[in-house]
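The values are calculated or read from the model by the stated rules, or taken from the named source; none is laboratory data. Given the structure is predicted, the values throughout are model-derived calculations rather than measurements. Cβ atoms come from the backbone with ideal geometry, glycine included; neighbour counts cover every protein chain shown. Each accessible area value is taken on the protein alone, full model and side chains, heavy atoms only, with ligands, DNA and RNA left out. Shrake-Rupley method; radii C 1.70, N 1.55, O 1.52, S 1.80 Å.
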Amino acid sequence: MSTLHVVDHPLIQHKLSIMRNKKTGSKDFRELLNEIAMLMGYELTRDLPLEDITIETPICKTKAKTISGKKLAVVPILRAGLGMVDGLLRLVPVAKCGHIGLYRDPETHKPVEYYCKLPPDIEERIVILVDPMLATGGSACDALTMLKKHGCNNIRFMALVGAPEGVAKVQAEHPDVDIYVAAMDECLNENAYIVPGLGDAGDRIFGTK
């Protein structure tokens, strides 16, 4: 079974509270989302493997640590996932970036795929799949299935806010993928929006509503 990690650092909780406020505008919403993504990324990459190297400081030669093993890829689920990319790339500038395009059918609430572009060596990388909201889990599960079809076998899913329904679906369908969220909310409403949530993340990022 995949592990659910709630990254509830005080700075993250504070920034998330501002994002939840309906009076917060798109500029501040975008900036806070990137800041939280970077803070969460710090925790998500905690177990990256290290190896020893020899460097020369201004004083002498010494052994030092550097990240070894697989490199990273950041894959946002379009469009709202784009709001989390810059924060992660600030943390790991050499990471490659792919894109998966899914939208939610307004009647069935199920995801519909329209785009997929990934780095050619994606199967050799640790993949961080990002989407601000883990609501029904439909988009996350479909995106994870797409990544696995491209050979990915080391994937972590990162969202800002999760609902119990979405977490349960991802854990049931992709038990090998750990889930990282900044907050676990109460439930979904009749329109499959997270309660209390923060509204439609894509609309709030891009000012389209």
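Details
- Condition check for Ala163 on (1) touching a residue at least 60 places away in the same chain (Cβ under 8 Å); (2) of a type in the set (A, V, I, L, M); (3) open to solvent by less than 10 Å² (accessible area, probe 1.4 Å); (4) under 21 Å from His5 (Cα atoms): one failure, at (1).
- Residue list for region 24-48, filter: part of a loop (DSSP other than H, G, I, E, B) and open to solvent by 60 Å² or more (accessible area, probe 1.4 Å): Arg46, Asp47
- Selection within region 49-77: residues that are open to solvent by less than 30 Å² (accessible area, probe 1.4 Å) and of a type in the set (A, V, I, L, M). The member of this set that is modelled with the lowest pLDDT is Leu72.
- Residue selected from region 98-136 under the condition within 15 Å of the chain's Cα centre (by Cα) and open to solvent by 30 Å² or more (accessible area, probe 1.4 Å), by the criterion nearest to Leu72 (Cα to Cα): His99
- Restricting Glu107, Glu43, Glu56 to those that are under 23 Å from Leu144 (Cβ atoms) and among the acidic types (Asp, Glu) reduces the list to Glu43.
- Residue match in region 169-179 (condition: part of a loop (DSSP other than H, G, I, E, B), among the β-branched types (Val, Ile, Thr) and over 21 Å from Asp86 (Cβ atoms)): yes
- Contact map, region 61-88: residues that are assigned to a strand (DSSP E or B) paired with residues that are buried (at least 20 other Cβ atoms within 10 Å of the Cβ) and of a type in the set (Ser, Thr, Tyr), Cβ distance under 7 Å, separation 6+ or inter-chain. Pairs shown: Ile77/Ser139.
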